[in-house]
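One structure is given here, and the rest of the page talks about it.
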Amino acid sequence: MGSAVPLQLHSIGRGAMRLSISRAYLAAPHRVRPSRSICSSSSKPRIPLFLRPPNYSATLTDLQKWHDWAKTLSSSVGSSFVDADNGPDSALLHRELKWLVEDAVEDKSISSELRTNSEQNHEHNLRNVRLKVGIEELYRLWKQRIHERRPFQYIVGCEHWRDLILSVEGVLIPRPETEVLVDLVAEVVSDNEALREGFWVDLGTGSGAIAIAICRVLEGRGRVIATDLSPTALTVAGYNVQRYGLQELIELRQGSWYKPLRDVVGKLSGIISNPPYIPSDNIVGLQAEVGKHEPRVALDGGTNGMDELIHLCDEAAVMLKPGGFFAFETNGEDQSKYLVKYVEDNHRGRLCDLKIVSDFAGIPRFITGFLNEPL
Amino acid sequence: MATTNMLWKSAKILSIPVPIASNGRWGRIGCTFRIHQFEGSFFSNSLRSNCSSSSAISVWKGKEYLILSDEELMRQCEMDTFKASGPGGQHRNKRESAVRLKHIPTGITAQAVEDRSQHKNRASALARLRAQLALKVRNPVNLEDYSPPPELLQILPLKSTIRPPGCGPQIGPNNSKFLPGMQSLLDLIYTLDGSISDTAKYIGLTTGAVSRLILSDDSLRMAVNDIRISKGMKPLK
């Protein structure tokens, strides 16, 4: 991969994204002081597969051969991953294979040709197909997917989340459940337009998913500060923030939870986080894609999984401005109920309107609340 | 896509109070824990045949559904997502982002599975639901002093004798404004017991031109043929 190519692509991606948020841009206050710039730090994550230039090619026959091989490999999995650790079954792997093809080929129509291909037209099959990755690499990638259980999102270098496509290299892959956190913010700011302004924070931002989605919900009127302990996460988040052209509105700061936020104590309009919440004991039994590949620091929430969540709740009472909103993702019903009781017992009269919100699957997943406004 | 349809019809609401051990099931938004047990491999299906519900439903408020905003329409729906057993959230990486919407007032469902994000699948399911509402919900038409509503005039070819000059260009099936026009056309055809020649008189076209309009969109053609078959007529080809 030449170094000039990623740069060029980078700017194409940014240009396209800027168009879609031009409205937010026009409304942007531009009163942002330059941040401690982590965005522009030297190392960049690998470009997601779908954004790479089509510098490779293969005959349709060879691509078909690879596809047949990959399909057979996926089929051989059957339900063995499901039985072992509730991993993906063959049907799911077939869908992922389809998505890999979509990301790897230049001409999207190839994807359907591969599935319906018959060998009737020999000449046709000798035609070259332009690829974003070499055919040997495709073999290697699919072996990694099946044999090493490497998450599909790491294979293609991105995750589709809400209306975003995010680089996720080396960070927690944002889950569909977490999409709801953004809806919760959208609801709150449409009920109370004043909350659209001021500072919102995304603690432990990882890929920057929540920060970027919230920033778009705020329509350029508020600013988002995203924190993370991990330099890798900040690099990836910085890449994603730039791709969506939001570097003027999202500031990335390195540090643990609220630590890098001393200058905004008591000033926050909103605090959002999907902190690690899996009890340490459960880490070993996790689906291999998660347990063996995703960063443990983004998953492990200590003995009962709530070390970080409790800290987040305690400090929310100090960090929010009156009327400010918080929403945190939890492990499920037990943690949500525990946290509501904990906040009621320890922050009575300060944090109020506590709610447990369920995810799409009906599992009580989020706790939300506000800092009381003085009478 | 017979297999797809059969799979869908095999999904039933079971009143089982606790999650069942199973590779896949539909979970419902909210805390009711009613579960749609799913038999067979849902993910092997394709994008055609995305909606169920069979016959035309007579509901007075049919036209109103189509003018609701996405949020308003969503509030009339139950949303199911396909999910695996287990605690979900950070525990799982399965990219199961399928969404199924059930429109409670009519019982019409629409689903989307093809996109990698739940958010986008919800948007496509909602768009499909709108199309289904236009196709399946029939509104009464008063033939006594019938004058075609503006949304119907917009989808008629320019040669229609009742089309006023200021009506703009003809709107085709790819435009979202086609749906309300299609609904009005189906309402008229339904009221006229599936007769294309009678319909032609009411909208100022030749019988052939009405047929061509109907055949220009697959879902419209199928809806018209459902009406014609139910009235004992031959389907349009």
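Listing for the model above:
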quantity	calculated
Accessible-area composition of region B:173-237, carbon plus sulfur, in percent [1.4 Å probe]	52
Cα-Cα P(r), region B:142-236, percent of pairs per 10 Å interval	17, 55, 26, 2
Chain A: angle of helix A:90-104 to the longest principal axis, Cα-based, in degrees nearest 10	80
A versus B: buried accessible surface, summed, Å² (probe 1.4 Å, to nearest 100)	3500
Span from the region B:97-158 Cα centroid across to the region B:164-237 one, whole angstrom	16
Percent RCO, i.e. relative contact order, over region A:49-156, from Cα pairs under 8 Å lying at least 6 residues apart	44
For region A:338-346, Karplus couplings with θ = phi - 60° (6.51, -1.76, 1.60), whole Hz, Gly/Pro x	4, 5, 4, 5, 4, 5, 4, 6, 9
Computed over region B:134-192: relative contact order in percent, which uses C-alpha pairs under 8 Å that are six or more apart	49
Paired Rg and Dmax values of chain A, which use every Cα atom, in angstrom	22.4, 80
Peptide B:111-122 - average C-beta neighbours from other chains (10 Å radius)	5
Rel. contact order, % - alpha carbon contacts under 8 angstrom, at least six apart, region B:83-142	27
Solvent-accessible area per residue for chain A (1.4 angstrom probe, square angstrom)	41
Solvent-accessible area, 1.4 Å probe, carbon plus sulfur percent, for region A:49-156	48
³J(HN,Hα), Karplus 6.51/-1.76/1.60, whole Hz, each residue of region A:160-167, x for Gly, Pro	8, 9, 6, 9, 10, 10, 10, 5
Buried on assembly, region A:163-180 (at least 30 Å² less accessible surface than by itself, 1.4 Å probe)	A:Asp163, A:Arg175, A:Pro176, A:Glu177, A:Glu179
Neighbour cut-off at most 11 other Cβ (10 Å), DSSP loop, trypsin sites (Lys or Arg not before Pro), region B:133-167	B:Lys159
DSSP bridge orientation in chain A - percent antiparallel, rounded to nearest 5	50
Nearest-ten-degree value, helix A:60-77 long axis tilted from longest Cα axis of chain A	60
Dmax and Rg, reported as Rg then Dmax, of region A:219-375 (C-alpha, Å)	16.3, 52
Nearest-ten-degree value, helix A:307-319 long axis tilted from longest Cα axis of chain A	50
P(r) of region A:49-156 over all Cα-Cα pairs, binned every 10 Å from zero, in whole percent	14, 48, 29, 8, 1
Mean ellipticity per residue at 222 nm, deg cm²/dmol - from DSSP H runs of n ≥ 4 across chain A, formula -39500 (n - 2.57)	-12500 deg cm²/dmol
Net length gained if the chain between A:Asp83 and A:Arg130 were fully extended (0.36 nm per residue, minus Cα distance)	13.1 nm
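The values are calculated or read from the model by the stated rules, or taken from the named source; none is laboratory data. Since this is a predicted model, take the numbers as computed values, not measurements. When we count neighbours, we look across all protein chains shown, and the Cβ atoms used for this are built from the backbone with ideal geometry, even at glycine. Areas reflect the complete protein model, heavy atoms only, side chains present, ligands, DNA and RNA absent. Shrake-Rupley method; radii C 1.70, N 1.55, O 1.52, S 1.80 Å.
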